[in-house]
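What follows is one structure encoded as structure tokens, with my remarks underneath.
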Amino acid sequence: MTELLKKAFEKAAAVLPEYEQDELARRLLSAIESDEKRWDMLFSDSAKLERLADQALEAHRTGLTEPLDPEKL
């Protein structure tokens, strides 16, 4: 545990009533779970990204791509 997180928990325990501590804990856990779900979703899309990358490489290998000219952007 980092010092900052430890300090935040200690301060919350010292100054907040129990019901507010519980609400803070619920919100923190909810945020963590939400982030975990977001990462799971992003990684589940990695197979799709891999297919797109394979398609792009195949297009390049078969000459269907052309060099990017930054002046034309």
Cβ-based net charge around residue 3, under 15 Å, with every Lys or Arg adding one and every Asp or Glu removing one:
+2
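Using just the helices of the chain, give the 222 nm mean residue ellipticity in deg cm²/dmol: DSSP H runs with n ≥ 4 each add -39,500 (n - 2.57), and the total is spread over all residues, rounded to 500. Present the calculation step by step, with values, prior to reporting the outcome.
Details: 3 runs with 56 residues, N = 73.
That comes out to -26000 deg cm²/dmol.
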For the chain, shape from the Cα gyration tensor axes a ≥ b ≥ c, cut at a/c of 1.5 then a/b versus b/c, turns out prolate
Helix hunt in the chain: which complete DSSP H runs extend at least 20 Å axially by C-alpha with mean Kyte-Doolittle at least 0.5?
none
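Since every read-out is calculated from the coordinates, none of them should be taken as a lab result. Everything numeric here is computed off the predicted structure, so don't read it as measured data. In this analysis, Cβ positions are derived from the backbone assuming ideal geometry, glycine residues included, and neighbour counts consider all displayed protein chains.
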